[in-house]
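Input: a single structure, listed below in structure tokens.
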Amino acid sequence: MKYCDTLVINGTTVAGEQGSQPVINPATEEVVASSPQASVSQLDQAVAAARDAFADWSRCDDQVRKDALLRIADRIEEHSDELARILVSEQGKPLMIAQREVAASVAWTRYTANLELKVDLVLDSPEKRIEVHRKPLGVVASITPWNWPLMILIWHIMPAIRTGNTVVCKPSEYTPFNALRLIEIIADELPAGVVNIVTGAGEIGQAISEHPGINKVVFTGSTRTGKQIMRAAAGNLKRLTLELGGNDAGIVLPDADLDSIAQPLFIAAFKNMGQTCAALKRLYVHEDMYDALCDKLVAVASKQKVGNGLDEGVTFGPVQNKAQYDYLNALLDDIRATGGRILCGGNSSLERGYFIDPTIVADVDQRSRIVQEEQFGPILPVIRYSNLDEALAMANDTDEGLAGSVWGKDMELASDIAHRMECGSTWINGHGDLHPAAPFGGCKQSGIGVEFGEEGLHEYTRTHTHHIVK
Ligand code: ADP
């Protein structure tokens with residue numbers, strides 16, 4: 001397979017001026033290919049191109065932008081297989097999940113194409129009319145992580161382009177190839193400079209956040225990096241959308257039907273090997289059903305086939321990178337040292353690759369590291385509770401507030417608990433399913449702003465109020 005080794009700046013493919021960096025396949029620990037590295041001067045060129053392109057793109061007919069997005073969706077669909085295979089080799093996820101990621105990217109692009117920016121009429125009296133228009137912000141920079149690299153890039157750049165902004169994006173240094181290829185494919189459908197891509201690690205991200213020519217940064221990643229971006233963005237008061245970490249809790253009510261929830265609970269926690277912002281990261285289970293549910297989760301875990309995502313029948317891939325793998329192993333050591341019971345998983349029999357089998361952990365304390373920290377990997381702690389108020393207090397006992405879930409049959413009770421969870425999204429009898437019409441974003445330190453739907457679209461615009469005296 002050929003991996004794209006060029007950036008796109010002002011509609012032209014160019015080599016990185018800062019040399020190249022090997023990208024590692026987490027299933028084999030072998031080099032996938034060398035990724036180009038952009039210099040800060042190339043970032044400046046990309047921003048300048050985006051600023052130039054903004055003049056026409058922001059003023060062109062809305063239908064032109066809509067049609068461009070629809071063509072882009074078609075082009076991504078044509079390249080589905082290629083993009084999915086790139087994702088597997090650099091990200092590690094099984095091919096079937098990668099295919100779903102590409103399909104979701106296509107669907108999200110189409111959905112965003114068909115969103116409309118409405119003019120809001122706030123007053124229409126015989127004397128006066130007040131209209132609120134929505135205007136694009138200018139140059140939007142997207143900084144993306146390594147877990148769902150293609151889909152998150154689509155979430156960032158499609159609403160930006162749709163609303164008349166121009167874009168400079170920077171993918172994670174761990175997973176650059178899907179983004180480089182995507183931009184190479186879609187750049188042909190847009191005027192030069194509307195979408196540009198630079199690559200590199202934190203230094204380029206920092207330079208983006210500080211850049212005076214950029215009007216907004218949309219970032220998905222860790223809370224630590226989100227705070228750095230916020231500090232760096234203060235220079236020219238950039239607009240920010242920050243989708244940061246989450247330590248999502250799930251509460252299983254005493255009336256839950258364990259047979260029907262075990263499988264969806266497992267998927268909620270282990271989707272993408274647990275490397276999902278809105279994955280279930282802590283599960284609170286009533287003491288009366290604790291052992292029974294743990295057994296059922298272990299049974300689901302044991303059906304997974306762990307291995308290289310390109311191999312037939314594999315359902316469970318590696319952790320994406322060595323640093324994350326080492327961190328998860330430190331958490332496992334801590335669980336063992338502090339008396340937690342590892343019911344399944346805990347390591348892997350595979351000799352190469354950053355593999356950890358799906359791991360269910362029982363008898364851990366609320367104050368333990370695996371409960372307090374966002375593990376972002378295939379380890380689920382199950383915590384016992386005896387009354388619901390206690391469970392809710394433990395669920396809310398965190399600085400983060402991305403999402404949460406309640407599992408049970410009594411809908412009134414489930415809904416009451418869901419309302420009392422301190423997070424941006426709650427599911428009842430599910431967890432983590434996103435919809436392009438539903439606003440998604442965190443409270444507390446899980447982020448600022450929302451993505452998706454009309455509200456998400458508005459984040460790429462500013463208001464322009466017209467007061468018309470009749
Ligand atoms: P991780 O450490 O798990 O890779 P990060 O949140 O640090 O998660 O990374 C997400 C994205 O943020 C990546 O594209 C990364 O290169 C970028 N990044 C890292 N440090 C910074 C920074 N100081 N400013 C802006 N972006 C950064």
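General remarks:
- Filtered residues of the range 86-104 (kept if in contact (Cβ under 8 Å) with a residue 60 or more places away in the chain, buried (at least 17 other Cβ atoms within 10 Å of the Cβ) and at negative phi): Ile86, Leu87, Val88, Ser89, Glu90, Gln91, Lys93, Pro94, Leu95, Ile97, Ala98
- Residues of the range 15-31 that turn out to be open to solvent by 30 Å² or more (accessible area, probe 1.4 Å), closer than 26 Å to Gly353 by Cα and aliphatic (A, V, I, L, M), as a count: 2
- Selection status of Thr144, among the polar types (S, T, N, Q) and within 30 Å of Tyr325 (Cα to Cα): yes
- Just one residue in the set Arg162, Arg110 is of a type in the set (Lys, Arg), out of contact with any strand residue (DSSP E or B) (no Cβ under 6 Å at 6 or more places or on another chain) and surrounded by fewer than 21 Cβ atoms within 10 Å (Cβ to Cβ); that residue is Arg110.
- Unique residue being within 15 Å of the ligand (Cβ to nearest atom) and under 21 Å from the mean Cα position of the chain (by Cα) when the list is Pro171, Pro159: Pro171
- For the range 297-324, the candidate set comprises residues that are within 16 Å of the ligand (Cβ to nearest atom) and surrounded by fewer than 18 Cβ atoms within 10 Å (Cβ to Cβ); within that set, the residue that is farthest from Gly353 (Cα to Cα) is Ala323.
- Selection within the range 336-369: residues that are open to solvent by 30 Å² or more (accessible area, probe 1.4 Å) and part of a strand (DSSP E or B). The member of this set that is farthest from Ala301 (Cα to Cα) is Arg341.
- Of the helices (runs of 4 or more DSSP H) lying entirely inside the range 375-470, those carrying at least 2 residues that are in the same structural domain as Met158 (by TED's automatic domain parsing) and either of a type in the set (D, E, K, R) or open to solvent by 20 Å² or more (accessible area, probe 1.4 Å) (or both) are 453-458.
- Of residues in the range 210-223 being surrounded by fewer than 18 Cβ atoms within 10 Å (Cβ to Cβ) and within 12 Å of the ligand (Cβ to nearest atom), the one nearest to Glu29 (Cα to Cα): Ser222
- Tally of residues being buried (at least 23 other Cβ atoms within 10 Å of the Cβ) and either acidic (Asp, Glu) or within 15 Å of the ligand (Cβ to nearest atom) (or both) across the range 134-150: 9
- Close pairs from the range 215-235: first in the same structural domain as His458 (by TED's automatic domain parsing) and among the charged types (D, E, K, R), partner within 9 Å of the ligand (Cβ to nearest atom) and not in a helix (DSSP H, G or I), Cβ under 9 Å, at least 6 apart: Arg224/Leu244; Arg224/Gly245; Lys227/Leu244
- Selection within the range 194-209 - part of a strand (DSSP E or B) and away from the ligand (no atom under 16 Å from the Cβ): Val195
- Test: residue in the range 185-193 that is closer than 30 Å to Val31 by Cβ, open to solvent by less than 10 Å² (accessible area, probe 1.4 Å), within 16 Å of the ligand (Cβ to nearest atom) and at pLDDT 95 or above: no
The values are calculated or read from the model by the stated rules, or taken from the named source; none is laboratory data. Since we're looking at a predicted model, the values are computed, not measured. Here the Cβ is made from the backbone with ideal geometry for all residues, glycine too, and neighbour counts use every protein chain on show. With ligands, DNA and RNA removed, areas are computed over all heavy atoms of the protein, side chains included. Shrake-Rupley method; radii C 1.70, N 1.55, O 1.52, S 1.80 Å.
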